[in-house]
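*Asks:* Starting off with a structure, shown below.
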Amino acid sequence: MTRKAIAGQVVAVTGGARGIGREIAHRLAGAGARVAIGDRDVAAARETAAELPGGIEAFELDVTSTASFEAFLDAVDRRLGPVDVLVNNAGVMWVGAFDSEPESATERQLAVNLHGVIRGVKLAAPRMRARGGGHIVTIASAASKLAPPGEATYSATKHAVHGYLSAVRTELRGSGVELSAVMPGVVETELAAGTVTGAVRRLTPEAVAEVVAGVIRRPRFEIFLPRRVRLVTTLAAVLPQALRDPLLRATVPDQVKALTDKSGREQYESRI
């Protein structure tokens, strides 16, 4: 497969003010992309854009609003040019026992993690298809394939995102529009505060950003990080239940047991 250059491409990153989104913007701008970051916290987005090299542009974006998302894409188009790559990065997570999760937290995760991704694809993909090409990269999480206790709704949103992308990818075949789902394990960000990693190492946002850069250069649909997550999901899909359950207990973190003190997540969860 021919490698694509990042330099010169217009890339829009949702949830770009902090964490993984910030590092993706940093990495791609460093590779020569023209990068726009969108975030509900536009002040933080502007601060990030000012701090990072590469002339990154900041815009207000609420992924739960169609009008806001459309205005974001239009503003990027006017300022930088048509979006070549959309990185659906914005996401939120509440952690705890399923029956303790506030309804507001359930609704927020569905609105941002699932509906936000669907909205981005529905708005960006037709524009790309009309131009004959483009790429949508979604940070979908290893929870797209696994289901850690304590992350029930979060996992549900990520499973749904994977299913949605799989279906749309089939519809877009031959259009020149690529879809990719990047599925990292636990990443060292505010979203993951207080959680444990299970059988794999904790990742850095920089590592995820490097994978995103790689998949833009060489598009493919499913990317697991670290790679051993793919092995676990493959085995879990074919093993009988009697063997699958012990495998998952040994490899997938139980956040209900791990998170005995939620004080480390209070600031994040109140903000989201």
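The values are calculated or read from the model by the stated rules, or taken from the named source; none is laboratory data. Just so it is clear, the structure is predicted and the values come from calculations on it, not from any experiment. Glycine also receives a Cβ, built like all others from the backbone with ideal geometry; neighbour counts cover every protein chain displayed. Side chains are part of the model used for accessible areas, which takes the heavy atoms of the whole protein and leaves out ligands, DNA and RNA. Shrake-Rupley method; radii C 1.70, N 1.55, O 1.52, S 1.80 Å.
*Asks:* Tell me which helices (runs of 4 or more DSSP H) are completely within the range 162-263 and hold 3 or more residues being open to solvent by 50 Å² or more (accessible area, probe 1.4 Å) and among the hydrophobic types (A, V, I, L, M, F, W, C), or say none if there are none.
*Replies:* Those helices (runs of 4 or more DSSP H) span 228-238, 241-251.
*Asks:* If you don't mind, another one. Which of the residues that make up the range 69-111 are of a type in the set (A, V, I, L, M, F, W, C) and under 13 Å from residue 38 (Cβ atoms)?
*Replies:* If the condition is that a residue be of a type in the set (A, V, I, L, M, F, W, C) and under 13 Å from residue 38 (Cβ atoms), then 69, 71, 72, 73, 75, 76, 80, 83, 86, 87, 90 are the ones that fit.
*Asks:* Could you list, in sequence order, the residues of the range 36-48 that are open to solvent by 60 Å² or more (accessible area, probe 1.4 Å) and more than 19 Å from residue 70 (Cα to Cα)?
*Replies:* Passing the criteria: 43, 46, 47.
*Asks:* On to the next question. Can you confirm whether residue 178 is under 19 Å from the mean Cα position of the chain (by Cα) and more than 18 Å from residue 88 (Cβ to Cβ)?
*Replies:* Taking the combined requirement at face value, the residue does not satisfy it.
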